[in-house]
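J.: Have a look at this one.
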Amino acid sequence: MKRVGILTSGGDCQGLNAAIRGVAKALYVECKDGVEIYGITDGYRGLIEGDYRLMKKEDFSGILTLGGTILGTSRQPFKLMRVVDENSGDKIQRMKDNYKKMKLDCLVVLGGNGTHKTANLLSEEGLNVVSLPKTIDNDIWGTDMTFGFQSAVDIATHVLDCIHTTATSHGRVFIVEIMGHKVGWLTLHAGIAGGADVILLPEIPYNIEKVAKTLSQRAKAGKGFSILAVAEGALSVVEAQMSKKELKAARAAQPFPSISYRLAQELGEKTGQEIRVTVPGHFQRGGSPCAYDRVLSTRFGTAAANLILNKQYGYMVALQNNVIVPVPLAEVAGKLKTVPKDSDVVQSARDLGISFGD
Ligand code: F6P
């Protein structure tokens, strides 16, 4: 009997259930009744605390289109994994103990960047780990695409489309704040798909005077409205010079709930234009996966099942040049896939006249 544990960790996204289904169905098809799948609750928390259940085949039916994760998820920061306090011993040791207690042959982990650091550590500690790259941010090293990203692009684009019509009617400037604290893939793609006039990303620090100039020039040219797609983590040129600590302190001292509200005030003062802010927030992570993500999650899921069947452990399944390949966890862990400033996608937006505020 093969015993496989599966967990989803970190921020959720569309396609998690489709990927879980892909792993499970492919294992059942190949192993028939020779496999037991254990669903671990709320990500690493469940493995730390021994909170899991034996899944039934039926649990994996009817979930292809379901948003969220049937297993639950939580954020368990990597930096706290080895921290021992009065409530918890070494979390890695506890996970190893529970893995042994559950008599697992393999642990399947669906997660983003933080999750992969822990997955790699567990693998280095001797557990058999296979992982799948999920996140709306598309920032996992080693894969061209994560599942969840395209669904979130669709939602953020829909928001921009809707804002476009009301912005046009009223002749207003709108800032749409798009998820992504560290990277701007989602903002870049939704910004282009939604016809934004300005796109601000963490990777390309903006100069407020240049952004204001773009808005004023559009107004002068008779364009009554403007749309800015701004990543949560967009940074001004000055902020980009600051350390993490200095930036946190500088932002905390400002009276704005997020970057977009500050931009609205600064740009309103500089241009005299009426500026509104829309923050779709976690809406971007919710609901049914788009068709692309259903296919990608299924491909990742069945590829992970094949790694397990071949006893090929210590890998993340990845998409490279449209082919699914295994990438060693050690190569993935601790690296961030950011938007290259000279990326052809950025260049294409620039060719169109979209401003990045630089
Ligand atoms: O990593 C996915 C993501 O949605 C980011 O885009 C966003 O910055 C962050 O998670 C939000 O985190 P939380 O769900 O903990 O508020």
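J.: Treating the beta-carbon of each Lys and Arg as +1 and of each Asp and Glu as -1, no other charges, what is the dipole magnitude of segment 89-235 about its Cα centre, to the nearest 20 debye? Please list the in-between numbers first.
T.: On the way: 15 positive and 15 negative charges, 47 e Å.
That gives a dipole near 220 debye.
J.: Something else about it: Let's see if you can work this out: charge +1 on each Lys and Arg Cβ, -1 on each Asp and Glu Cβ, no other charges. What is the dipole magnitude of the chain about its Cα centre, in debye to the nearest 20?
T.: Using Cβ point charges on Lys, Arg, Asp and Glu, the chain gives about 340 debye.
J.: Could you work out the pair-distance distribution P(r) of segment 209-280 from its alpha-carbon pairs, with 10 angstrom bin width and percents rounded to whole numbers?
T.: Going from the shortest bin to the longest, the percentages are 17, 48, 28, 7, 0.
J.: For segment 84-206, with equal point scatterers placed on the C-alpha atoms only and solvent neglected, what are the log10 I(q)/I(0) values from the Debye formula at q = 0.11, 0.20 1/Å, to two decimals?
T.: After summing over all Cα pairs, the log10 values are -0.55, -1.05.
J.: In addition: For segment 148-207, just the Cα set please: Rg and Dmax, both in angstrom.
T.: Taking only Cα atoms of segment 148-207, I get Rg and Dmax of 11.6, 34 Å.
J.: Moving on to the next point. Given R₀ = 30 Å, FRET efficiency for SER343-HIS158 by Cβ-Cβ distance, to 0.05?
T.: My answer for the efficiency is 0.80.
J.: Still on this model: So what's the back-of-envelope 222 nm ellipticity for the chain, counting only DSSP H runs of four-plus at -39500 (n - 2.57) apiece and dividing by all residues, rounded to 500?
T.: Working: 13 runs with 146 residues, N = 358.
Estimated from H runs of four or more residues: -12500 deg cm²/dmol.
J.: Roughly how large, in nm² to one decimal, is the mean projection of the convex hull of the alpha-carbon atoms in the chain?
T.: 18.8
J.: Let me ask you something else. Counting only DSSP beta bridges with both residues in segment 151-285, what percent are antiparallel, rounded to the nearest 5?
T.: Counting DSSP beta bridges with both partners in segment 151-285, the antiparallel share is about 5 percent.
J.: Now a separate question. Take every DSSP beta bridge whose two residues both sit in the chain, then give the antiparallel share in percent to the nearest 5.
T.: Beta bridges within the chain, antiparallel portion: roughly 25 percent.
J.: Mind checking which of VAL159, ILE208, VAL173 is farthest towards the positive end of segment 151-285's charge dipole, using Cβ charges of +1 (Lys, Arg) and -1 (Asp, Glu) about the Cα centre?
T.: Of the candidates, ILE208 comes out farthest on the positive side.
J.: Provide, in order from the shortest bin, the percent of all Cα-Cα pairs of segment 1-89 in each 5 Å bin, continuing until the bin that contains the maximum pair distance.
T.: 3, 14, 23, 21, 17, 11, 6, 4, 1
J.: Compute the helix-to-body angle for 208-220: its Cα long axis versus the longest principal axis of the chain, expressed 0 to 90° and rounded to tens.
T.: 60
J.: Right, another one. So which lysines pass the test for LYS25, namely a Cα distance under 20 Å, with those fewer than 8 places away in the same chain ruled out?
T.: LYS2, LYS56, LYS57, LYS134, LYS311
J.: Rank these for me by crowding, TYR44, TYR315, going from fewest to most other beta carbons within 10 Å.
T.: Going from least to most buried by this count: TYR315, TYR44.
J.: Could you line up GLU239, GLU86, GLU209 from fewest to most neighbouring Cβ atoms inside 10 Å?
T.: Ordered by Cβ neighbours within 10 Å, fewest first: GLU86, GLU209, GLU239.
J.: Now a separate question. Fewest Cβ neighbours within 10 Å first, please rank MET1, MET316, MET55 accordingly.
T.: Numbers: MET1 9, MET316 29, MET55 18.
So the residues, fewest neighbours to most, are MET1, MET55, MET316.
J.: Taking each pair of distinct Cα atoms in segment 151-285 once, what is the resulting Kirkwood hydrodynamic radius in Å?
T.: 14.9
J.: Of CYS13, CYS162, CYS290, which has the largest mean-square fluctuation in a 10 Å C-alpha GNM of the chain?
T.: Greatest mean-square fluctuation among the candidates belongs to CYS162.
J.: Relative to the longest principal axis of the C-alpha atoms of the chain, give the angle of the C-alpha long axis of helix 259-271, reported between 0 and 90° and rounded to the nearest 10°.
T.: With rounding to tens, the tilt is 10 degrees.
J.: All other residues with a Cβ under 15 Å from the Cβ of ALA193 taken together, and with Lys, Arg as +1 and Asp, Glu as -1, what is their net charge?
T.: Working: positive: none; negative: ASP154, ASP161, ASP197.
Combined, the nearby Lys, Arg, Asp and Glu give -3.
J.: At a Förster radius of 41 Å, what calculated FRET efficiency corresponds to the Cβ-Cβ distance of ASP144 and LYS270, to the nearest 0.05? Each step should come with its number before you reach the end.
T.: Details: r = 39 Å, r/R0 = 0.95.
It comes to 0.60.
J.: Continuing with this model, one more query. Roughly how tilted is helix 149-170, in degrees to the nearest 10 and between 0 and 90, from the longest Cα axis of the chain?
T.: 20
J.: Sticking with this one: Subtract the Cα-Cα distance of THR65 and VAL238 from 0.36 nm times their separation in residues, and report this length gain in nm to one decimal. Write out the running numbers ahead of the final one.
T.: Working: separation 173, 0.36 × 173 = 62.28 nm, distance 4.37 nm.
Extra length from THR65 to VAL238 when fully extended: 57.9 nm.
Readers should treat all values here as calculations from the given coordinates under stated rules, not as data from a laboratory. Note that the structure is a prediction, hence the values are computed from the model and not measured. Because the Cβ atoms are built from the backbone with ideal geometry, glycine has one as well, and the counts that use them run over all protein chains shown.
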